[in-house]
Every structure is written in C-alpha cells, then in structure tokens.
Amino acid sequence: MRFFKSLKGRLMAMIAIAVIVTGSVVLVFSYFVTRSFFRDEVFLSVESVVSRTKREVQTVVSNSKDAAESVSTNIQLFENVGLYLTNPENPEIVQYIDGVLAESVLKFPEFDNIYVAGNEGTIISATSNPGPGKATTGKKAPEEALRVVNQDRVWADFGVEDGKTYISMATPIRLPDTGVITGLTLCTGFTPGIDRILSDTSGFGATGETTISRLSGSYVKTLLPLGEEGNVLADRLLYIGTDYDLPSVRAARGETGEAEMDIPDAGKEVAAYDFLPEAGWGVSASVSSAEAFSHLGRLRNIDLAVILVLLFGGILFSFVVARSFAKPIEELQRGVKLLASGRLNARVTINDGLEVSELADEFNTMASQLDEVYGTLENKVRERTRELQEANERLKELDDLKSEFVSIASHELRSPMASMKMGISTVAKELVGPLNEEQKMMLAIAEKNMDRLTKLTTDLLDLTKIETNQLDLDVGEHDLIELARDVVEANEAQACHQGLDLRVISPDIVSPDGRIEAICDYDRIYGVLQNLISNSLVFTEKGSIVVSIEKIDNTAGICVEDTGEGIPAEHIPGIFEKFSKAHFETRSEKRGAGLGLAIGRGIVEAHGGKIFVESELGKGSKFCFIIPLRGKNEREEVNTDS
C-alpha cells in the first residue's frame, strides 16, 4: 500500500490503468458491436426458417382445405344428409351417401379417409382409399371438430400414425337455400409434405428444430421431428399451465416474434414463432444458443486473451516509465532528508530532465543560503530567549506585587470600612439624634453601597488567595442536602417577593437516611451555592429556581437551574473568568463585579471538583459543580457529562 502512495506507484498505476482501460474498453466495445451483429444475423436466420415453413405449411393446408370444402359442397351429399336427418332408418339413403363418399375418395387422392356426420356429431357414413370403408354408424366425430364446424369455421388437425404425418379437415355441410348447417365432413389423409417441411433444417444448424402446434383447450398439440434423420415420429401434448413459455405454445396462442428462451431440460435456445390463421396452427423454429453463438464464444476468448496481454504488458510498460520519472525525485528526496537532519552542506546532482535539474539547482542554492543563515540564527535565538526570560521574571514580580497589593489593600480597607459601617448604622438608627426622611434615605443608600464595597474587598481577598494557592479550607463532614436547604431557606423570602418558586430536590434513593455526607468546607460550599442562587434571583423574572443534589459514584453533583434570561453562547466559554462580561448588556443594578463565578470555580477546584454551565439564551441556565465525597486527596475522576 505504501508503494502506491509514492510518486512512482501513482505514476505506474495511472499509466497502467490508462493502457489497460483504454485497450479493454476498445475490445469490449468491439465485442459487443460484433455480438449485436451476430445476434441479429442469428435471429434473422431463424425468422427466415419460420417464414419458409409457414409458407410451405400454408400451401399444404390450403390444398387440403379446398379439397375438403369440395367434398362438403357436393349437392348430392348435402341433399341426402338432409334426407337422412328426417328419415335416419332408411338404409338406401346411407348407401347413397356411401357412394358419394367413394367417388370423393377417388376424386381427391390426398385423403385416405372421409367421414360424414350429422350436426350432433354421430357419424353417418365413412369410406377409405382405396375401396369403400366399413359401416361406422353410431360413432362420434371429435367434439372439438363439431364445435368449430357449428361456428361455421373449418377445423384442421394433425397427428402421427405409424411414423407418418396426417392432416384432418372438418368442413360444414349447409342447406343451399337456408345455409343451415346439417352436418360435417371429416377428411383425413397422410401428407408426406409436412414430414419433408419439418425435416428441412438447411441454414439452421445441427440443433435446429421446426415445430407445428395448435391450441386444444388447456393443451397445446405439437408436431416435431425426432430421430437422427429428422423423421416425424410422434406428436406431443403440452399443458399450458406448466409449459406456457415455449416457442410452440406462444405460436399456438397466436403470438408472433423472436426471443432467446430458457427451455426446460434443453438450456437456452434462439427461437422464432408465427401463426397460421387459416388452420389455427402455430409455426416455430429454434436452435441451441450455444451453437448459434459459437462464433461469439471464440471472439470472447480472443478478447480475454488480448486483455490479459494488455494487463501484463501495461504493468511492465508503466513500471519502466514510472521508474524513469521517479529516480531523480528520489535523489532530490534523499537530499531533503539530509538537509532536514541538519546536514546543511548536503547537495544533490541530477542530470535527468531539464525541469528536475533546475529544481536540483534551486535546492542546492537554498541549502547554501540556509547554511549561511543558520550561522547567525542560534545567536539570535539565545538573545531572544534571554530577553523573554527577563520579561517573564519582571511580569512575575509585577503579578506578585499586584497580588500583594490587593491582599494588603483588602486587609487595610476592611477595618476603616467596618468603622464607617458602624457609624452609618448608629446614625441611621437615630442613636445620636432624630433624622428626617431624606436623611434616612441617603444613609440607607450609603449603608447599601458600604455592604457592596465590603463584599468586593472580601471577594478580592479570596481571589488573591485562590490565585496564589493560599486558600485555606476548614473541612469537615457535612450533609450537602441540609446545606442546600439552609441556603434556600435564607433566600426564600427574596424568591417569594419576586414571585419565584425556589426549592430543593434530591432522589430518594441517595442513601437510607436521606443524607449525602461529604468532607468539605461548609462555609465555602455555602458561599458557592449562595452565589449561584443569588445570580439566578437577579436574572430570573418569572418561573422557578431548582436546586438538585445527586450522588454519582463517589462524588456529589449540585445544580442550580433557573428559567431566567440565559447566557449568550459566545460568552459561555469565559463565564468563570474574573470580571466576566456575560451580562455586560444588562442593567447596572443587576451586574456584579464579575468575581463570584471565578471565586466559586476556585473553591470547587480546591475541593478537587469541577464546575460547568449549560445555558440557552431566553430559556434559562443550569450551573452545576461536582465535588468528591471523601475529600480532594481521595477523589476519583470527575465526569462532567454527568
């Protein structure tokens, strides 16, 4: 596989494919064109046999039909048949009919037997050639012949007796004045012409076969040549229900056409079929597909042999061409590898092709320039590295100074702010004298802002401790469900005032006594949860705030989910950074300093946990944090997907 990913492999594959595919397409195209031509010729040959057979059979049938109609239109015959129907007991009438039939047999030597039957099918008289026949009164004419004749049509049948073919014709006997059918004549005679016609397979092939068939109720009667000499030896009945898709059956049903058909017990055959309406017979011819398309088989084998030659020849040719292209590229590749390994004095020499030689010269020039540049590059890198180290040290000093300043400032500000708050509170309570309403309002505003300033200094101090890894945790075993209830209880009044539903939920299956014991700093976790609930109260105008607690393996998950404004998607990645601007567009009275979530993340991570958020603008937010139950040192991997 690696070979075919290389330039040599791809060139070889492309050239080989071009040679093989082009040659194969030409050969396959020529094969199918020739195949189409041969198929048309084969079908035309089979159609010509069917047409020839149809003409010859039609001639034999027409001659027999004319002779049979001449017998049935004999004036003396239909007059005596009429007399017989009125007086069937008169033997003289039967004898007279016998005489008429004897004359007809002599007149029409193509018939060996002639029968006369009444319109109900009973045979009145019969004669054979030569000489008069024996009395056959009481026997019945074939029901099919009687039905067809009573419809004023000629009935024609064929069969085989003693290896010879015979034709039977039944024609109606009518009264001349009314045209009423009073009976029928049934003429039967051996016809060597049919034998000869069916045995003639000239221009047809050794497996060629010609068949005559006719429909008889649910069966198709067929006449076909059998034996090595093609003599007609027997007829055959085919049941349409199982043998419908045969050429002889299609022909007997009046269909015309040609097709390559899959014949049971014989394989594929090329067949043509046509219909002879005068007798109601079908004519079909078929020949084995293997014999008919034997030329195509030889042509196919030749094409396959040529394709194999193209395959191996194309591969060899493509290998030689690809090698001539790839050799200079491989030499250039060797030089590139040497250059990449640090040997900047590597050079290549290629004299195979103008373009590749120019590329080698450019490579050598580039290598020389790199060798020159590399001499000064290391000094510049060392100089820049030293400058970056010095800048990094200065930044670290500044960061330490910043943290120290914030810590000192927070400590120093807390004492005077506490004194100021106490003084404002004392005056606001009118301990030093009465106040008017305007003074009370101004003092209330000052006290509120003093609280905000105190919280800000506390947050800054906590944030500094978190950043310098100096956050102290007073850990102990605490019930997280009870902790959550304490926080919710402290904020219930505010939620009720805003018309919000604030509640705690926890699965009943957490533990038998309904507790989730965790080793943590109660006040710190309380502060994290308080901050999340406070944020939800600020940014939720209607709906609910739900605090959920769940035990997940050896961890506890605590979530605060509200139905508030939600957070824009572009602000979610930085929501836990200090001074986050996720709600920068909101009113100033709703915005805090942007330190609460950053401090919360630091506290959770100090416990060995993680905090994350899911939010959609306009549909609310869900803040969750996960902490280990046994403390930071014994925590397992936290799965934020939970």
Selection within the range 143-174 - closer than 17 Å to D112 by Cβ and surrounded by fewer than 21 Cβ atoms within 10 Å (Cβ to Cβ):
G159, V160, E161, D162, G163, K164, Y166, S168
Could you list, ordered by first residue, the pairs with Cβ atoms under 9 Å in which the first is in the range 116-130 and on the phi > 0 side of the Ramachandran plot and the second is assigned to a loop (DSSP other than H, G, I, E, B), at least 6 apart or interchain?
G121/A141; G121/P142
Give the number of residues within the range 540-551 that are open to solvent by 30 Å² or more (accessible area, probe 1.4 Å) and of a type outside the set (G, A, S).
4
Considering each of T185, T210 in turn, give the residue that is touching a helix residue (DSSP H, G or I) at 6+ places or on another chain (Cβ under 7 Å), crowded, with 20+ Cβ neighbours inside 10 Å and within 19 Å of P247 (Cα to Cα).
T210
Tell me, yes or no, whether the range 518-533 has at least one residue that is under 50 Å from the mean Cα position of the chain (by Cα) and open to solvent by 50 Å² or more (accessible area, probe 1.4 Å).
no
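Among what's in the range 199-230 and is of a type in the set (A, V, I, L, M) and at pLDDT 80 or above, pick the residue that is farthest from A252 (Cα to Cα).
The qualifying residue farthest from A252 (Cα to Cα) is L223.
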Among the residues in the range 60-69, are any touching a residue at least 60 places away in the same chain (Cβ under 8 Å), hydrophobic (A, V, I, L, M, F, W, C) and touching a Cys at 6+ places or on another chain (Cβ under 9 Å)?
yes
Output the qualifying pairs, or none if there are none: Cβ atoms under 6 angstrom, residues six or more apart or on different chains, first residue in the range 155-168 and within 12 Å of L223 (Cα to Cα), second residue assigned to a loop (DSSP other than H, G, I, E, B).
T165/T191; I167/T191
Every residue in the range 533-562 that is hydroxyl-bearing (S, T, Y), closer than 17 Å to H497 by Cα and assigned to a strand (DSSP E or B), please.
S544
Examine the range 457-465 for a residue that is modelled with pLDDT under 75 and in contact with an Asp or Glu (Cβ under 9 Å, 6 or more places away or on another chain), and state whether such a residue exists.
yes
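Is it the case, given these coordinates, that I509 is of a type in the set (A, V, I, L, M, F, W, C) and either surrounded by 21 or more Cβ atoms within 10 Å (Cβ to Cβ) or at pLDDT 90 or above (or both)?
no
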Name the residue that is most open to solvent (accessible area, probe 1.4 Å), counting only residues in the range 563-578 that are touching a residue at least 40 places away in the same chain (Cβ under 8 Å) and among the hydrophobic types (A, V, I, L, M, F, W, C).
A569
Determine whether T73 is at pLDDT 75 or above, under 30 Å from G121 (Cα atoms), open to solvent by 40 Å² or more (accessible area, probe 1.4 Å) and among the β-branched types (V, I, T).
yes
Here are the criteria: (1) in contact with a helix residue (DSSP H, G or I) (Cβ under 8 Å, 6 or more places away or on another chain); (2) modelled with pLDDT under 75; (3) among the hydroxyl-bearing types (S, T, Y). Tell me which single one S284 does not satisfy.
(2)
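The values are calculated or read from the model by the stated rules, or taken from the named source; none is laboratory data. Keep in mind it's a predicted model, so treat the numbers as computed, not measured. FYI the Cβ positions are ideal-geometry reconstructions off the backbone, even for glycines, and counts take in every protein chain you see. Just so you know, the surface numbers come from the protein's heavy atoms only, side chains and all, with ligands and any DNA or RNA stripped out. Shrake-Rupley method; radii C 1.70, N 1.55, O 1.52, S 1.80 Å.
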